[in-house]
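Colleague: The structure follows.
The values are calculated or read from the model by the stated rules, or taken from the named source; none is laboratory data. This structure is a prediction, so every number in the text was calculated from the model and none was measured. Quick reminder, even Gly has a Cβ in these numbers, built from the backbone with ideal geometry, and neighbours come from all protein chains shown. Calculation scope for accessible area: heavy atoms of the full protein, side chains included, ligands and nucleic acids excluded. Shrake-Rupley method; radii C 1.70, N 1.55, O 1.52, S 1.80 Å.
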Amino acid sequence: MSNSEEDFNFAYLDEQTKRMIRRALIKAICIPGYQVPFASREMPMPYGWGTGGVQVTAACLQETDVLKVIDQGSDDTTNAVSIRKFFERVAGVKTTENTGKASVIQTRHRIPEQVLSEDQILVYQVPIPEPLRFLEPRETETRVMHALEEYGLMHVKLYEDISINGEISTAYAYPVKVNDRYIMDPSPTPKFDNPKMNFCSAIQLFGAGREQRIYAVPPYTKVISLDFEDYPFEASRAEKTCEICGATNTYLDEVVIDDKGTRMFSCSDSDYCNSQKS
Amino acid sequence: MTNPLPFFQDQSKDAARAFRIALKAMAMPGKIQNFQVIDGLPTPLSIAGATLILVFCDFNTKIFLGETFRNKNVEDWINFYTGAKISGDKNVDFAVGHIEELLPFHEFPIGTDEYPDRSANIVIENASKDVKSFSLNGPGIKETLHVELPEKIIERESAISFPLGVDIFLAKENFVMGLPRTTMVET
């Protein structure tokens, strides 16, 4: 027996809303990297707390799912804990912190270190879905730019990075081209994670609640980070070792550990770190 | 009391399970997925065709039905459970029928340059008839797949100019296969 809240429909949203989101999700899968508008609902949490991801997860969840929620790679930060509790309560699904055991993983700004499988869905929480937004504020214009595949502006931005900083200094939300067509914002994941999106086995779904957009990348799809021949893309990370598990190949957080400014580096993916430790 | 019309046993949970199967079908084109069985559906609707209607259609959706599907039982069933408008023309969001009744595909909405998502989902019923072997490539396909598809599926080319196009579900009994616009179908 599930002990989920009985006054709510399964997974909180009403059926009509789920159908609307599901129609958007199917089109998103069929047009990889294209942002499908959807009628985002008010959720019982503020915008900026992952309302887009929560709606996508709610529309996808089935009774037998095992849900994992991460915030900056960690299972135990506020956003992750509250969303995990929310779905335990309104859908009665099992939850886990173990990446391998999860069938749906909702994430804020990280891709797990462990390689994902065909049976998994990765749901990203997205704040600003439009990669061209800070270059061109008008939605009517960016829409035309996508229609015409007019992406020169994005390359100019990366070029300016090089001319000012000597390298492409964009470190997160690093633009990618999906299936040789649409430029897509991978959500503010560190660029270290970008290569994991290319030819990934899992279904990747992106939800932006405030901006009312859904987009997706099907499994085994080409996702290439933009770069230049003489300045190739580099999946950078802090050149340190995790001080908890000793990993040298993971994305690290820099943590201040006392009031004298002492710092330590540790894996941002808490589940991966724990699994390496034991 | 009369028997209720055939439907999901648990609307919310069964619809969620069915959606996940449909999502997987479109995300991994060319692989056969199977829906849960629903008994006693109005003929000639297949379980897969009916399930897709229940998952995706409601009063915001317009459906086109192939000629053999335009009977009172099918229309009443769609009306009762979805409230979707059954349309005589092909300017619709959703279409169900045998392949001959749906051709040419380019008469369905294929989206616009700015909004390629404003395009039809097409369910081809009885998709194991008059088949031929095709090879499939594209997003969602790890290595080239060789599958049997209706011979006339090749005519979908006229309705696809990526990113514009129609997205197809092939249905037979409770089996479904996805064929999104991104899939390259070659003989």
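Colleague: When only C-alpha pairs under 8 Å and at least 6 residues apart count, what is the relative contact order of the range A:159-219, in percent?
Modeller: Values: 65 pairs, mean separation 12.7, N = 61.
Result for the range A:159-219 is 21 percent.
Colleague: Moving on. By the gyration tensor of its Cα atoms, with a ≥ b ≥ c the square roots of the eigenvalues, what is the shape of the range B:54-114: rounded for a/c under 1.5, prolate for a/b over b/c, or oblate?
Modeller: Numbers: a/c = 2.53, a/b = 1.28, b/c = 1.98.
It comes out oblate by the Cα gyration axes.
Colleague: Continuing with the same structure: With unit charges on the beta carbon (Lys/Arg positive, Asp/Glu negative), name the residue among A:A238, A:F265, B:T182 whose Cα is farthest towards the positive pole of the charge dipole of the protein assembly as shown.
Modeller: Among A:A238, A:F265, B:T182, the one farthest towards the positive end of the dipole of the protein assembly as shown is B:T182.
Colleague: Can you give the net charge of the other residues whose Cβ lies under 11 Å from the Cβ of B:P180, counting K and R as +1 and D and E as -1?
Modeller: Numbers: positive: A:K27, B:R156, B:R181; negative: B:D167.
Charge balance near B:P180 sits at +2.
Colleague: Once you keep just the Cα pairs under 8 angstrom separated by 6 or more residues, what percentage relative contact order results for the range B:55-187?
Modeller: Details: 264 pairs, mean separation 29.3, N = 133.
Normalised by residue count, the contact order of the range B:55-187 is 22 percent.
Colleague: Also, quick follow-up: Can you tell me which of A:T95, A:T64, A:T77 moves the most in a GNM of chain A? Springs connect C-alpha atoms under 10 Å apart.
Modeller: Per the Cα network of chain A with a 10 Å cutoff, A:T64 tops the list.
Colleague: Rounded, prolate or oblate: pick one for the range B:87-135, where a ≥ b ≥ c are the square roots of the eigenvalues of its C-alpha gyration tensor, a/c under 1.5 means rounded, and failing that, prolate if a/b is larger than b/c, else oblate.
Modeller: oblate
Colleague: Follow-up question, since we're still on this one. Pairs A:K85/B:K31; A:K27/A:K177; A:K18/B:K24; A:K68/A:K260: which exceed 24 Å Cα-Cα? Present the calculation step by step, with values, prior to reporting the outcome.
Modeller: Details: A:K85/B:K31 35 Å; A:K27/A:K177 18 Å; A:K18/B:K24 17 Å; A:K68/A:K260 35 Å.
Beyond 24 Å between Cα atoms: A:K85/B:K31; A:K68/A:K260.
Colleague: Bin all alpha-carbon pair distances of the protein assembly as shown at 20 Å intervals from 0 and give each bin's fraction as a whole percent.
Modeller: In order of increasing distance, the bins hold 24, 55, 19, 2 percent.
Colleague: Explain nothing, just compute: Karplus ³J(HN,Hα) = 6.51 cos²θ - 1.76 cosθ + 1.60, θ = phi - 60°, for every residue of the range A:113-128 in order, whole Hz, x for Gly and Pro.
Modeller: Once θ is set to phi - 60°, the couplings for the range A:113-128 become 5, 5, 5, 8, 10, 4, 8, 10, 10, 10, 10, 9, 8, 10, x, 10 Hz.
Colleague: So what's the gap between the Cα centers of the range B:1-51 and the range B:72-151, to the nearest angstrom?
Modeller: The distance from the Cα centre of the range B:1-51 to that of the range B:72-151 comes to 16 Å.
Colleague: Using only alpha carbon pairs under 8 Å that are at least six residues apart, calculate the relative contact order of chain A and give it in whole percent. Walk me through the intermediate numbers first.
Modeller: On the way: 568 pairs, mean separation 59.9, N = 278.
Reported relative contact order: 22 percent.
Colleague: Out of residues 5 or more away from A:C267 or on other chains, whose amide H comes under 5 Å of its own, with H placed 1.01 Å from N in the peptide plane?
Modeller: Counting only residues 5 or more places away or on other chains, the set is A:E243, A:I244, A:C245, A:D253.
Colleague: Just reorder A:D65, A:D76 by solvent-accessible area, largest first, 1.4 Å probe, all chains present. Write down the numbers at each step before the final one.
Modeller: Values: A:D65 5, A:D76 105 Å².
The residues order as A:D76, A:D65, largest area first.
Colleague: Quick one: give the max-minus-min coordinate of the C-alpha atoms of the range A:22-61 along each principal axis, largest first, in Å.
Modeller: Here the Cα extents, ordered largest to smallest, are 30, 19, 14 Å.
Colleague: Quick one: Debye curve from the alpha-carbon atoms of chain B only, equal weights, vacuum; give me log10 I(q)/I(0) at q = 0.09, 0.14, 0.17 Å⁻¹ to two decimals.
Modeller: Results for chain B at q = 0.09, 0.14, 0.17 Å⁻¹ read -0.30, -0.73, -1.10.
Colleague: To continue, here is another question. Provide the solvent-accessible area of A:R210, counting protein heavy atoms only and rolling a 1.4 Å probe, rounded to the nearest 10 Å².
Modeller: 120
Colleague: Rounded to the nearest 500 deg cm²/dmol, what is the calculated helix-only ellipticity per residue at 222 nm for chain A, with -39500 (n - 2.57) per DSSP H run of length n ≥ 4? Mind showing how you got there, number by number?
Modeller: Details: 7 runs with 74 residues, N = 278.
Estimated from H runs of four or more residues: -8000 deg cm²/dmol.
Colleague: Only bridges whose two residues both fall in the range B:90-187 count here: according to DSSP, what percent of them are antiparallel, nearest 5? Present the calculation step by step, with values, prior to reporting the outcome.
Modeller: Details: 16 of 24 bridges.
Beta bridges within the range B:90-187, antiparallel portion: roughly 65 percent.
Colleague: Let me ask another. Could you run the Karplus curve 6.51 cos²θ - 1.76 cosθ + 1.60 with θ = phi - 60° over the range A:185-191 and give me ³J(HN,Hα) per residue in whole Hz, x for Gly and Pro?
Modeller: 8, x, 6, x, 6, x, 5
Colleague: Here is a follow-up. Based on DSSP, what percent of beta bridges with both residues in the range A:24-180 are antiparallel, to the nearest 5?
Modeller: Working: 1 of 12 bridges.
So the antiparallel bridges amount to about 10 percent of the total.
Colleague: Under a plain spin-label model, where a point goes 7 Å from the Cα along Cα-to-Cβ, how far apart in nm are B:N91 and A:E229?
Modeller: 4.9
Colleague: With every protein chain present, what is the per residue accessible area of chain A (1.4 Å probe, Å²)?
Modeller: Values: 11900 Å² over 278 residues.
Roughly 43 Å² per residue, with all protein chains present.
Colleague: Keeping all protein chains in position, work out how much accessible area A:C242 exposes to a 1.4 Å probe, and write it in Å² to the nearest 10.
Modeller: 10
Colleague: Same structure, new question: Quote the total accessible area buried by chains B and A together, excluding ligands, DNA and RNA, probe 1.4 Å, nearest 100 Å². List each step's numbers first, then the result.
Modeller: Values: alone 9860 and 13700 Å², together 19940 Å².
Counting both chains, the buried surface is close to 3600 Å².
Colleague: In addition: Could you put B:K72, A:K68, B:K31 in order of accessible surface area, largest first, with the 1.4 Å probe and the full protein assembly present? Intermediate values should be presented prior to the final figure.
Modeller: Numbers: B:K72 145, A:K68 0, B:K31 85 Å².
Descending accessible area places them as B:K72, B:K31, A:K68.
Colleague: Show B:I21, B:I154 ordered by accessible area, largest first, where the area counts protein heavy atoms only and the probe is 1.4 Å. Don't jump to the answer; show the numbers that get you there.
Modeller: On the way: B:I21 35, B:I154 65 Å².
The ranking, largest first, comes out as B:I154, B:I21.
Colleague: Can you give the accessible area of A:M45 in Å² (nearest 10), computed on protein heavy atoms with a 1.4 Å probe?
Modeller: A:M45 exposes around 40 Å² with every protein chain in place.
Colleague: Is the shape of chain A best called rounded, prolate or oblate, per the rule: a/c under 1.5 gives rounded, else a/b larger than b/c gives prolate, else oblate, with a ≥ b ≥ c the square roots of the Cα gyration tensor eigenvalues? Numbers along the way, then the final one.
Modeller: Numbers: a/c = 1.82, a/b = 1.11, b/c = 1.64.
Verdict is oblate for chain A.
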